[in-house]
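The values are calculated or read from the model by the stated rules, or taken from the named source; none is laboratory data. It should be emphasised that the depicted structure is a prediction, and the values quoted were computed from it without experimental measurement. Ideal geometry is used to build each Cβ from the backbone, glycine not excepted, and the neighbour counts take in all protein chains shown.
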Amino acid sequence: MPMLELNDVHAYYGNIHALKGISITVEEGEIVTLIGANGAGKTTTLRTITGLLKPRTGSVILDGEDLAPYPAHKIVYKGVAMVPEGRGIFSKLTVRENLDMGAFSRSDVDGIKQDLERAYELFPRLKERESQISGTLSGGEQQMLATARALMARPRLMLMDEPSMGLAPVLVESVFDIIQEINKEGTTILLVEQNAHMALQIAQRGYVLQTGEIVLSDSADGLRKDPMVQKAYLGME
Amino acid sequence: MKKLFEKIEYIDLFLWLIRAAIIIIVIWGTVATILDNPYSTRQWTDFVIFGVAQGSMYALIAIGYTLVYGVLFMINFAHGEFFMSGIMTSTVFIAGPMAATGFLNRHPIISLLIIALFSMLVSVGVAILTERIAYKPLRKAPRLVPLITAIGASLFWQNFYRGMLGSNVKPFPQFDILAGSIPLLGTQVLKTHIAVVLVTIIMLIGLNFFIMRTKTGKSIRAVSEDKDVAALMGIDVDRAITITFATGAAMAGIAGVLFALVFRQVHFFMGFTPGIKAFTAAVLGGIGSVPGAAIGGLFLGLFESIGPSLFLQSLGIPAFNQLKDVIAFIMLVLVLIFRPQGILGEPLAEKKA
């Protein structure tokens, strides 16, 4: 049984048909990537998984359970955390308060403390800035914070929306290193990226989205060798 | 192009003329009053103390406007009714009977606590009902819609209380321990005024703790920044919004008790003027900012209390004391012209709209 399964999901923004029958699966322990241009429906797909947007038809199934009856704030209790597009940190809250909010769904005080230490180990920069208002962090630090905050929910499935956006190349590398590390520790990852080059290096499988439809799905290797992907997303002729 | 240029010039000129005129009147009046010296230092101290007490009540009510605006970007014009409903109910059903049986002055502290608790509970109840029934279904409607609904809710509660409890003014019983005054700062200060200021300080400290330190308080701040991301954290946004209304209403419920202690009467329309004034205070301080609401309230109270005597008395205006509301709203207009975001507000920008 796959961990996450989207079956023929159709979703709308008002009258705009944003997702036209998306079907994807994610197995436990995998890194799966969704690549595609701006406006292809990548973020929308993540929004239907987290319940921020409910599919009009089709289903989102997590561990064999249909998520349709759960409002967005219940999804994290099912083990799904998200690093939102543009980081979505609470800029008026301190770094520590952001991490506290990441653990909002939990009440195991000892576990939260452990995970906080683990997050600071992973991102020592955040410990240094613990009591700083997070709006004053640099872009890279904000990305670290958004990732650490999602980890504070101790998710089994982590959705990441463009974690490399707006970061210097050096930082992009380290973000992808971290994603691999998180995955090795047992968290399944669904990664949305415009940076297909990097995404396909760390993912096992990938889907290509175009205007709300999946046009291609294959192993990461297979996608890297696909002429269409090479031309459109990897910048190769 | 030239026409547009001229138009802007006229508007600017007009605005500058208004500013200059107001500044000149204020300075002229102030200088004249200082030269006349109609009041003793002690009287000025009295004005300040009254202003601080009045401002404290505005501050407590203003918290509700600012909190709700922070999470919903909505001006809850029914907030003055949350303030009225608590103390009205408490006076009629608790304070009145307590005074009649003599319990009130035999156990003044217990009575006061019961009255305050009851007033707070009723205000919170009215707020939650209003939010759930009148505001929540309209959360996704254009922003003008909840505004009109809020005015409707305000009229509804006013007339509901008028109908259920009668439209006459109801006396609030005298607490013997709060009667009279004590010497302080070289003058006699009414005990009720001291009580008002002390209670306000305690409530503000408690509120600050709640908002800044507790998990629920942090979740309210998270919701006020980004509702979608807050939901991703597992925060029930609707619940957080209801708690926000309830918190503001609890403050208003206490403000109602303080109001009754000072003025010793309540009636169904008592929420209107303090409500509008507190809204002014919230805008003055920077709407959306909790410390701003407190400072704005204090500022407005002081201005109303000192303003008429300081600026207007020596200008030969016959009933200058009746102009305190005029001064309050001129203050509002001035602040909006010179500093649209209020004293502590941040520049209006980002995704606030």
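Okay, here's what the table says:
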| item | result |
| --- | --- |
| Residue match in the range B:164-179 (condition: without any contact (Cβ under 8 Å) to a residue 40 or more places away in the chain, closer than 23 Å to B:Pro274 by Cα and under 21 Å from the mean Cα position of the chain (by Cα)) | no |
| Any hit, the range B:266-288, residues being modelled with pLDDT under 95, within 14 Å of another protein chain (Cβ to nearest Cβ) and more than 12 Å from the chain's Cα centre (by Cα) | yes |
| Conditions (1) surrounded by fewer than 21 Cβ atoms within 10 Å (Cβ to Cβ); (2) under 17 Å from A:Arg149 (Cβ atoms); (3) within 11 Å of chain B (Cβ to nearest Cβ): number failed by A:Lys113 | (3) |
| The range A:32-69, residues that are surrounded by fewer than 18 Cβ atoms within 10 Å (Cβ to Cβ) and assigned to a loop (DSSP other than H, G, I, E, B) | A:Ala37, A:Asn38, A:Gly39, A:Lys54, A:Arg56, A:Asp63, A:Gly64, A:Ala68, A:Pro69 |
| Residue within the range B:334-353 that is modelled with pLDDT of 80 or more, over 21 Å from B:Ile63 (Cβ atoms) and part of a helix (DSSP H, G or I) present | no |
| Answer residue from the range B:206-254, given it is at the interface with another protein chain (Cβ under 9 Å from one of its Cβ atoms) and not in a helix (DSSP H, G or I) and is surrounded by the most Cβ atoms within 10 Å (Cβ to Cβ) among those | B:Met233 |
| Filter result for B:Thr214 (without any contact (Cβ under 8 Å) to a residue 24 or more places away in the chain and within 17 Å of B:Ala246 (Cβ to Cβ)) | yes |
| In the range A:61-80, the residues that are free of Cβ contacts under 8 Å to residues at least 40 places away in the same chain and more than 7 Å from chain B (Cβ to nearest Cβ) | A:Glu65, A:Asp66, A:Leu67, A:Ala68, A:Pro69, A:Tyr70, A:Pro71, A:Lys74, A:Ile75, A:Lys78 |
| The listed residue being of a type in the set (A, V, I, L, M, F, W, C), within 27 Å of A:Thr45 (Cβ to Cβ), in contact with a Pro (Cβ under 6 Å, 6 or more places away or on another chain) and assigned by TED's automatic domain parsing to the domain that holds A:Ile31, out of A:Val175, A:Val215 | A:Val175 |
| All positions within the range A:81-110 that are at the interface with chain B (Cβ under 9 Å from one of its Cβ atoms) and among the hydrophobic types (A, V, I, L, M, F, W, C) | A:Ala81, A:Met82, A:Ile89, A:Phe90, A:Leu93, A:Met101, A:Ala103, A:Phe104 |
| Verdict on A:Arg118 being of a type in the set (D, E, K, R), over 21 Å from B:Ala222 (Cβ atoms) and at pLDDT below 95 | yes |
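Residue by residue, here is whether (1) within 24 Å of A:Gly102 (Cβ to Cβ); (2) surrounded by fewer than 16 Cβ atoms within 10 Å (Cβ to Cβ) holds:
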{"residue": "A:Met144", "(1), (2)": "yes, no"}
{"residue": "A:Asp177", "(1), (2)": "yes, yes"}
{"residue": "A:Leu200", "(1), (2)": "no, no"}
{"residue": "A:Ala232", "(1), (2)": "no, no"}
